[in-house]
Amino acid sequence: MLDAASILSVQYNSYLGRWTAIYSAPLSNDVLVRTAPEFVGPWSDSTRLFTADRRGLGGISYDAQVHAELAEGNGQVLYVSYSRPNGNGPFGSELVLVRVSLEKP
């Protein structure tokens, strides 16, 4: 089973030639990726894509989603959004978009 937040993105990445699952680690600020040769697996161990920047505010970042419509280079460059606290009370948040370059293993 996948230990992930309730929202994740699963899609085929042509650059890697593999399926990818991109998600926020539960109760963490890490955004992770796993890959598989087939949709049903076997899935790799997780690899950290990046650690979300909270700008020094409390709380955690969540909702990591990859945006395939923005990908460059056949999926070598991905854009991942996530939510982070904005300091406006317990439910205040903002979306951040991060550019991520993938490397083939």
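The values are calculated or read from the model by the stated rules, or taken from the named source; none is laboratory data. If you're wondering where the values come from, they're calculated on a predicted model, not measured in any experiment. FYI the Cβ positions are ideal-geometry reconstructions off the backbone, even for glycines, and counts take in every protein chain you see.
When you scan the range 34-47, how many residues do you find that are touching an Asp or Glu at 6+ places or on another chain (Cβ under 9 Å) and assigned to a strand (DSSP E or B)?
1
Filter the range 88-105 for residues that are small (G, A, S) and either at pLDDT 95 or above or surrounded by 13 or more Cβ atoms within 10 Å (Cβ to Cβ) (or both) and give the result.
If the condition is that a residue be small (G, A, S) and either at pLDDT 95 or above or surrounded by 13 or more Cβ atoms within 10 Å (Cβ to Cβ) (or both), then S93, S101 are the ones that fit.
Quick check on A36: is it under 24 Å from L2 (Cβ atoms) and either exposed (fewer than 11 other Cβ atoms within 10 Å of the Cβ) or touching a Leu at 6+ places or on another chain (Cβ under 6 Å) (or both)?
It is false that A36 is under 24 Å from L2 (Cβ atoms) and either exposed (fewer than 11 other Cβ atoms within 10 Å of the Cβ) or touching a Leu at 6+ places or on another chain (Cβ under 6 Å) (or both).
Answer yes or no as to whether S46 is in contact with a Leu (Cβ under 7 Å, 6 or more places away or on another chain), more than 26 Å from G87 (Cβ to Cβ) and hydroxyl-bearing (S, T, Y).
On the way: in contact with a Leu (Cβ under 7 Å, 6 or more places away or on another chain): yes; more than 26 Å from G87 (Cβ to Cβ): yes; hydroxyl-bearing (S, T, Y): yes.
Judged against the criteria, S46 is a match.
Go through (1) more than 13 Å from V100 (Cα to Cα); (2) surrounded by fewer than 13 Cβ atoms within 10 Å (Cβ to Cβ); (3) among the acidic types (D, E) one by one and return the number of the condition D30 breaks.
(2)
Rundown of residues vs (1) touching a residue at least 24 places away in the same chain (Cβ under 8 Å); (2) part of a strand (DSSP E or B), yes/no style:
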site: S6; (1), (2): no, no
site: L16; (1), (2): yes, no
site: L32; (1), (2): yes, yes
site: L49; (1), (2): yes, yes
site: Y82; (1), (2): yes, yes
site: F91; (1), (2): no, no
site: V96; (1), (2): yes, yes
site: R99; (1), (2): no, yes
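Among the residues of the range 51-80, write down those that are in a helix (DSSP H, G or I), modelled with pLDDT of 95 or more and either among the aromatic types (F, W, Y) or surrounded by fewer than 16 Cβ atoms within 10 Å (Cβ to Cβ) (or both). Give the steps one after another, and end with the answer.
Kept after step one, since they are in a helix (DSSP H, G or I), are these residues of the range 51-80: 68-70, 73-75.
Filter again for modelled with pLDDT of 95 or more, leaving 69-70, 73-75.
E69, L70, G73, N74, listed by residue number.
Quick check on this structure: which one of S24, S28, S6 is small (G, A, S), modelled with pLDDT under 95 and in contact with an Asp or Glu (Cβ under 7 Å, 6 or more places away or on another chain)?
Being small (G, A, S), modelled with pLDDT under 95 and in contact with an Asp or Glu (Cβ under 7 Å, 6 or more places away or on another chain) holds for just one of S24, S28, S6, which is S24.
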